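Some notes on the structure that comes next.
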Amino acid sequence: MKILFTGAGGFLGRYAAPRLAREHEVVGTYLNNDVPLDGVRLVRLDLEDAAARARLLERERPDCVVHAAAMSRPSDCEADPERAERVNAGATQWLCASALRLIFFSTDLVFDGKHPPYREEDPPAPSCVYSRLKVDGERAVLARTAPAMTLRLALGYGWKPTGHSMFCDSLYRSLRRGEPMTLFSDQFRSALYMKDAAEILARLLALREWPEAGGRLLHCGGPESVSRVRFGREFCSALGLDDSLVEAKTMAEAGVRAAPDCTLKSERLYSLIGFRPRTIEAGVADMALENPYK
Ligand SMILES: NC(=O)c1ccc[n+]([C@@H]2O[C@H](COP(=O)([O-])OP(=O)(O)OC[C@H]3O[C@@H](n4cnc5c(N)ncnc54)[C@H](OP(=O)(O)O)[C@@H]3O)[C@@H](O)[C@H]2O)c1
């Protein structure tokens with residue numbers, strides 16, 4: 001199968017696009033970060049450029065699109081909501097209008113975090129530009145007749161040493177310098193190792209039949225609900241870092257307002273593909289083996 005993977009140069013894409021390239025022909029897109037990825041042919045695409053988007057589909061003629069490109073930081077979407085609308089909503093609607101098989105990435109942040117754990121049937125309650133646009137995208141994907149799936153991704157963890165920094169890279173760099181890092185004791189997520197997210201995608205793409213209407217929306221998180229502090233301590237233990245530098249605070253103490261508990265129940269996905277992602281302990285142990293800063 002030929003796959004167009006938008007946002008292949010991003011955090012998820014760096015793990016998932018090379019994994020898919022073991023079994024498929026993968027064309028990956030980037031905007032600013034053209035990191036080389038094993039087996040993936042990279043092309044630059046600005047999702048705001050409608051003519052370039054159309055030319056790319058015409059030229060590549062993929063069988064399936066894995067649509068991971070997005071303005072993925074809620075703060076960027078708040079700062080420039082018009083751009084976020086063009087990038088996150090416009091491009092998704094355009095892909096939905098095509099006849100291609102489509103996998104779209106949404107987020108656990110479609111929930112306000114007040115009534116966990118969340119199942120696919122629970123009503124979204126988006127509270128920021130980023131999550132509102134993701135809900136719009138989910139609705140467009142659900143409404144199309146061509147095969148499609150939405151994966152509501154939980155907080156991902158793994159390495160991303162270049163491009164905008166992700167949680168584990170920032171944590172590792174700070175603690176290695178001996179600088180303390182404040183982590184929330186009351187913010188819970190079903191954190192998912194990006195290597196497992198890659199395996200999930202590979203297994204979904206191997207399905208003979210894609211789920212029909214009711215099963216097109218899937219929660220995609222890890223098997224445990226973990227606070228940022230507990231994650232930080234497990235990370236320190238696996239990476240040999242000084243966990244006394246992890247300072248636990250509540251969000252209120254830090255003056256932060258964010259969804260407290262977006263734990264996802266992802267059993268529907270696990271049983272569909274016959275795969276259960278690893279625990280945090282096993283995930284951070286695997287990260288230690290692949291530490292890019294050693
Ligand atoms: N990471 C998480 O924990 C998480 C959790 C829930 C949902 N998600 C969703 O999962 C998907 C993948 O997330 P991620 O963590 O991989 O995000 P990411 O690291 O920020 O990567 C986003 C990708 O989108 C590309 N991009 C951004 N703006 C673009 C534009 N205007 N035109 C074309 N490409 C553009 C980026 O290109 P460059 O880097 O080359 O500029 C990058 O390749 C996103 O849809 C995100 O909203 C992520």
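For residue 64, the amide hydrogen comes within under 5 Å of the amide hydrogens of 2, 4, counting only partners 5 or more places away or on other chains and with H modelled in the peptide plane.
Model label points for residue 286 and residue 174, set 7 angstrom from Cα along the Cα-to-Cβ axis, are 2.5 nm apart.
Going by Cα centres, the stretch 78-134 and the stretch 1-15 are how many Å apart? Rounded to whole Å, the Cα centres lie 18 Å apart.
Which whole-number percent of Cα pairs in the stretch 39-173 have a distance greater than 20 Å? Intermediate results must be reported in sequence, preceding the final value.
Values: 4687 of 9045 pairs.
Across the stretch 39-173, Cα pairs with separations above 20 Å total 52 percent.
Summary: within the chain, the longest segment free of chymotrypsin sites (Phe, Trp or Tyr not before Pro) located in DSSP loops with at most 14 other C-beta atoms within 10 Å is 1-274. Placing +1 on the Cβ of every Lys and Arg and -1 on the Cβ of every Asp and Glu, with nothing else charged, gives the chain a dipole about its Cα centre of roughly 480 debye. Under 5 Å from the amide H of residue 225 lies no amide H of any residue 5 or more positions distant or on a separate chain, with H modelled from the backbone and absent for Pro and chain starts. When 1, 149 are compared by accessible surface with a 1.4 Å probe, the order from highest to lowest is 1, 149.
I need the shape label for the stretch 179-219. Rule: rounded when a/c is under 1.5, else prolate if a/b > b/c, else oblate, with a, b, c from the alpha carbon gyration tensor. Write down the numbers at each step before the final one.
On the way: a/c = 7.28, a/b = 2.25, b/c = 3.24.
Here the stretch 179-219 falls in the oblate category.
Please compute, over every Cα-Cα pair in the chain, the percentage with a separation greater than 25 angstrom. The partial results should precede the final answer.
Values: 19981 of 43071 pairs.
Result for the distance tail: 46 percent.
Distant-in-sequence amide contacts of residue 246, defined by a placed amide H-H separation under 5 Å and a gap of 5 or more residues or a different chain, comprise 181.
Between the residues 28, 90, 72, the greatest Cα displacement towards the positive end of the dipole of the stretch 18-110, with unit charges on the Cβ of Lys, Arg, Asp and Glu, is found for 28. Full extension of the chain between residue 80 and residue 121 gives 11.7 nm of extra length, using 0.36 nm per residue less the Cα-Cα distance. Using the Karplus relation 6.51 cos²θ - 1.76 cosθ + 1.60 with θ = phi - 60°, the per-residue 3J(HN,Hα) values for the stretch 240-245 come to x, 9, 7, 7, 6, 7 Hz, with x marking Gly and Pro.
What is the antiparallel percent of DSSP beta bridges lying wholly in the chain, to the nearest 5? Kindly include the intermediate steps, with their values, before the conclusion.
Numbers: 2 of 37 bridges.
Around 5 percent antiparallel, to the nearest 5.
Computed log10 I(q)/I(0) for the stretch 47-90 at 0.15, 0.16, 0.29 Å⁻¹: -0.45, -0.50, -1.04, from the Debye equation with unit scatterers placed on every C-alpha and solvent omitted.
When you restrict to C-alpha pairs under 8 Å that are six or more residues apart and normalise by the size of the chain, the relative contact order lands at 19 percent.
Label separation (residue 33 vs residue 213): 3.9 nm, computed from points 7 Å beyond Cα along the C-beta direction. Exposed loop sites here mean GluC sites (Glu not before Pro) with a DSSP loop assignment and at most 15 other beta-carbon atoms within 10 Å; the chain contains its longest site-free run at 122-208.
Within the stretch 224-294, what whole-number % of the accessible surface is contributed by carbon and sulfur, with the 1.4 Å probe and all protein chains included in the calculation?
Values: 1770 of 3610 Å².
That share works out to 49 percent.
Volume per residue for the stretch 132-253 equals 143 cubic angstrom (convex hull of Cα atoms). Entry comment: accessible area of the chain is 44 Å² per residue, from protein heavy atoms only and a probe of 1.4 Å.
The Cα center of the stretch 147-165 and the Cα center of the stretch 191-220 differ in position by 13 Å.
Counting Lys and Arg as +1 and Asp and Glu as -1, each charge on the Cβ, what is the dipole of the stretch 152-243 about the Cα centre in debye, to the nearest 20? Can you show the working numbers first?
Numbers: 13 positive and 11 negative charges, 37 e Å.
The calculated dipole for the stretch 152-243 is roughly 180 debye.
Please give the FRET efficiency for residue 256 paired with residue 51, using the beta carbon to beta carbon distance and R0 = 35 Å, rounded to the nearest 0.05. Provide the component values of the computation, followed by the final result.
Values: r = 41 Å, r/R0 = 1.17.
After rounding, the FRET efficiency stands at 0.30.
The values are calculated or read from the model by the stated rules, or taken from the named source; none is laboratory data. None of the values given here were measured: they were computed from a predicted structure. For neighbour counting, all protein chains shown are included, and Cβ atoms are generated from backbone atoms with ideal geometry for every residue, glycine included. Surface areas here come from the heavy atoms of the whole protein model, side chains and all, with no ligands, DNA or RNA. Shrake-Rupley method; radii C 1.70, N 1.55, O 1.52, S 1.80 Å.
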